[in-house]
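Have a look at the structure below, then the notes.
The values are calculated or read from the model by the stated rules, or taken from the named source; none is laboratory data. Since this is a predicted model, take the numbers as computed values, not measurements. Note that we place each Cβ from the backbone using ideal geometry, even for glycine, and neighbour counts take in every protein chain shown.
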Amino acid sequence: MFSLTVIYDNTASPDFTGSWGFAALIETYSETLLFDTGWDRTLLLKHLRKLHIDPTDIKKLIISHQHWDHIGGLPEIIQANRGIEVYIPASFSENLKTEIRKRAILIEVKEPVEISQGIRSTGELGDKIKEQALILDTGNGCYVLTGCAHPGLATILDTALVYGEVKGILGGLHDSEEFERLKGLEIIALGHCTAHKEKIKEIFPSEFIEIEVGLRLDLK
């Protein structure tokens, strides 16, 4: 089982602040990981404190892609934990890679790779915008966590299906209209950059979950 908590998103519950970007915390039985960091580092840390999460407890940081609204809090997280492992698509700029290496353990991702027990990167996907998503394998099916899904929903899901049945998708879907690929999923939790959120909610009312800061899901 994985516990997933949304730390940063465009929308937020009353106790938090919405801001353009995305970040989600993943807690396993053995370690804590952060997926993306939003853009406002001060707000990211504020939300972590409010949720009683110490940045030094985050042992691995995964960045989906090199857009400002996903990497803004990166310096704060690696400053708080100099031993942290940072997983980035290999296409990131060389200057950014150099700066990360000064402060953290950098892992460049090209192909699918296991990051933690039951947690795997899809590898670097896409043409114009390179991006990685996460596959969370509960042992009872997989959940896919996306930043913006720039490579396309079909490409991401086809990659995830290699590792087992996909039970749900969480994160941003950008302007994807591949609605048929969502059929049969148990959880469709969407936020951040999802352009057709209302349409998807209309098609899949029972499966749809509105992502907002503070949302916590136990994935089994």
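Which residue is surrounded by the fewest Cβ atoms within 10 Å (Cβ to Cβ), if the candidates are limited to region 45-65 and must be of a type outside the set (A, V, I, L, M), without any contact (Cβ under 8 Å) to a residue 60 or more places away in the chain and assigned to a loop (DSSP other than H, G, I, E, B)?
My answer is His52.
Where in region 132-220 are the strands (runs of 3 or more DSSP E), entirely inside, with at least 1 residues that are under 22 Å from Ser19 (Cα atoms)? So that I can check it myself, show each step before the final result.
Details: elements: 134-137, 142-146, 166-171, 187-190, 208-210, 216-219.
Of the strands (runs of 3 or more DSSP E) lying wholly inside region 132-220, those with at least 1 residues that are under 22 Å from Ser19 (Cα atoms) span 142-146, 166-171, 187-190, 208-210, 216-219.
Could you go through region 12-20 and let me know if any residue there is under 22 Å from Ala104 (Cβ atoms), surrounded by fewer than 19 Cβ atoms within 10 Å (Cβ to Cβ) and over 14 Å from the mean Cα position of the chain (by Cα).
Of all residues in region 12-20, those under 22 Å from Ala104 (Cβ atoms) come to none.
No - not one qualifying residue is present in region 12-20.
Counting only residues that are in contact with a strand residue (DSSP E or B) (Cβ under 6 Å, 6 or more places away or on another chain) and either modelled with pLDDT under 95 or among the acidic types (Asp, Glu) (or both), which one in region 187-220 is surrounded by the fewest Cβ atoms within 10 Å (Cβ to Cβ)? Quick ask: steps written out before the conclusion?
Step one: of region 187-220, the residues in contact with a strand residue (DSSP E or B) (Cβ under 6 Å, 6 or more places away or on another chain) are 187-189, 197, 201, 204, 207-209, 211-213, 215-219.
Retained after the next criterion (residues that are either modelled with pLDDT under 95 or among the acidic types (Asp, Glu) (or both)): 207, 212, 218.
Working: Glu207: 18, Glu212: 16, Asp218: 10.
The selected residue is Asp218.
Checking the condition surrounded by fewer than 23 Cβ atoms within 10 Å (Cβ to Cβ), β-branched (Val, Ile, Thr) and under 29 Å from Phe204 (Cβ atoms), which residue from Thr98, Thr122, Thr146, Thr155 passes? Outline the logic, then answer.
Numbers: Thr98 fails: under 29 Å from Phe204 (Cβ atoms); Thr122 fails: surrounded by fewer than 23 Cβ atoms within 10 Å (Cβ to Cβ); Thr146 fails: surrounded by fewer than 23 Cβ atoms within 10 Å (Cβ to Cβ).
Step by step, each of Thr98, Thr122, Thr146, Thr155 is checked, and only Thr155 is surrounded by fewer than 23 Cβ atoms within 10 Å (Cβ to Cβ), β-branched (Val, Ile, Thr) and under 29 Å from Phe204 (Cβ atoms).
Within the bounds of region 66-82, is there any residue that is small (Gly, Ala, Ser) and surrounded by fewer than 20 Cβ atoms within 10 Å (Cβ to Cβ)?
First, pick out the residues of region 66-82 that are small (Gly, Ala, Ser): 72-73, 80.
From what is left, the residues that are surrounded by fewer than 20 Cβ atoms within 10 Å (Cβ to Cβ) are 80.
Checked against the condition, which is being small (Gly, Ala, Ser) and surrounded by fewer than 20 Cβ atoms within 10 Å (Cβ to Cβ), region 66-82 yields at least one hit.
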